[in-house]
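The values are calculated or read from the model by the stated rules, or taken from the named source; none is laboratory data. Just so we're clear, the structure is a prediction, and the values are computed from it rather than from any experiment. FYI the Cβ positions are ideal-geometry reconstructions off the backbone, even for glycines, and counts take in every protein chain you see.
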């Protein structure tokens, strides 16, 4: 695949014209030219921790767990390594299965060790609160303790603590859900110029299934910082989920498709999975009735992240519909 072909394909994407399938096969690192950016050579991880983090980002939990354990054995005093061990164990545990309880216990142990090593980390306290809320009691879960951690975090950082506490309350009784909404409304009003807090407010409305409020919040984020890749991605994603203006959603998602390695979470600001912008872009083409372009995007997402389950499911669904049309 030459750069001229890639440039033409990018132009087709932007203009909404169908894109030919499979032009990266045998064509080398297609994403370099597809992004229309000067992208550096693929990053080569230098340590077991870096490798574990990369594998975790690809949802390859088994490999990530092996590498993280190796990193923890090599550097037992690193809090971030311990937290990664816990993150991988928690992600594995949520998948269920006969070993889930052991994974939950491993998660709790690693999180507590990470906090011992880095007691000032607010992010680590957030992770521990999540474990306490969701883990079974037999593995150390305790919702009352989770609320205490959240309240303590709120006293140290109003934005992060309120978001965490409101998220927990939103999964409780009707009265607790009302309190959660009130807390987030008040937080946003008290810090209108704080970009990180605004991101958390938008994310809260998304998580609590209030799509109109989420859409308005993401629009404000993009208006405040049009160059922010995460703001552009999450606005595009929200538009796709709501099936609102797929052409407009494409403009926002294309800001993020050139990002091969998504930005890491920065404090309270979330990030996206490797390949997610391409998957969401493919969904816009489905909404527009352009299955070849949708397929191209889904396959692109899987090229970046072969473990991306959602992209696999979308591609399988597209294939089933195509076979059904041919049968008729």
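Would you mention how many residues in the range 187-217 are under 18 Å from the mean Cα position of the chain (by Cα) and closer than 20 Å to residue 155 by Cβ?
5
Looking only at the range 163-216, which residues are touching a residue at least 40 places away in the same chain (Cβ under 8 Å) and either surrounded by 21 or more Cβ atoms within 10 Å (Cβ to Cβ) or within 21 Å of residue 148 (Cβ to Cβ) (or both)?
163, 167, 197, 199, 200, 204, listed by residue number.
Which condition does residue 296 not pass, out of (1) touching a residue at least 40 places away in the same chain (Cβ under 8 Å); (2) surrounded by fewer than 19 Cβ atoms within 10 Å (Cβ to Cβ), if it passes all the others?
Residue 296 satisfies all of (1) touching a residue at least 40 places away in the same chain (Cβ under 8 Å); (2) surrounded by fewer than 19 Cβ atoms within 10 Å (Cβ to Cβ) except (2).
Can you confirm whether residue 152 is out of contact with any helix residue (DSSP H, G or I) (no Cβ under 7 Å at 6 or more places or on another chain), under 30 Å from residue 181 (Cβ atoms) and assigned to a helix (DSSP H, G or I)?
Values: out of contact with any helix residue (DSSP H, G or I) (no Cβ under 7 Å at 6 or more places or on another chain): yes; under 30 Å from residue 181 (Cβ atoms): yes; assigned to a helix (DSSP H, G or I): yes.
Spelling it out, residue 152 is indeed out of contact with any helix residue (DSSP H, G or I) (no Cβ under 7 Å at 6 or more places or on another chain), under 30 Å from residue 181 (Cβ atoms) and assigned to a helix (DSSP H, G or I).
Scan the range 129-149 for residues that are more than 22 Å from residue 163 (Cβ to Cβ) and surrounded by fewer than 16 Cβ atoms within 10 Å (Cβ to Cβ) and report the count. Can you show your working first?
Keep residues of the range 129-149 that are more than 22 Å from residue 163 (Cβ to Cβ), which gives 136-140.
Within this subset, residues satisfying the condition of being surrounded by fewer than 16 Cβ atoms within 10 Å (Cβ to Cβ) are 136-138.
Qualifying residue count for the region: 3.
Can you tell me which residue is farthest from residue 121 (Cα to Cα) among those in the range 150-160 that are touching a residue at least 24 places away in the same chain (Cβ under 8 Å) and crowded, with 20+ Cβ neighbours inside 10 Å?
Taking the range 150-160 first, the residues touching a residue at least 24 places away in the same chain (Cβ under 8 Å) are 152-153, 156-160.
Retained after the next criterion (residues that are crowded, with 20+ Cβ neighbours inside 10 Å): 153, 159-160.
Values: 153: 10, 159: 15, 160: 12 Å.
Checked the range 150-160; the qualifying residue farthest from residue 121 (Cα to Cα) is 159.
Restricting to the range 53-103, name every residue that is in contact (Cβ under 8 Å) with a residue 12 or more places away in the chain and on the phi > 0 side of the Ramachandran plot.
Within the range 53-103, just 59 meets the criteria.
For the range 223-241, what are the residues that are buried (at least 16 other Cβ atoms within 10 Å of the Cβ) and under 19 Å from residue 284 (Cα atoms)?
Within the range 223-241, the first condition is being buried (at least 16 other Cβ atoms within 10 Å of the Cβ), and the residues that meet it are 228-240.
Hits for the range 223-241 are 229, 230, 231, 232, 233, 234, 235, 236, 237, 238, 239, 240.
Do you know which of the residues in the range 31-49 that are part of a helix (DSSP H, G or I) and modelled with pLDDT under 50 is nearest to residue 312 (Cα to Cα)? Steps first, please.
Just the residues of the range 31-49 that are part of a helix (DSSP H, G or I), to begin with: 31-34, 48-49.
This time we only want the ones that are modelled with pLDDT under 50, so: 31-34.
Values: 31: 19, 32: 22, 33: 24, 34: 21 Å.
By that ranking, first place goes to 31.
Mind listing whichever residues of the range 169-195 are part of a helix (DSSP H, G or I) and out of contact with any helix residue (DSSP H, G or I) (no Cβ under 6 Å at 6 or more places or on another chain)?
Keep residues of the range 169-195 that are part of a helix (DSSP H, G or I), which gives 169, 174-190, 195.
Passing the criteria: 174, 175, 177, 178, 181, 182, 185, 186, 189, 190, 195.
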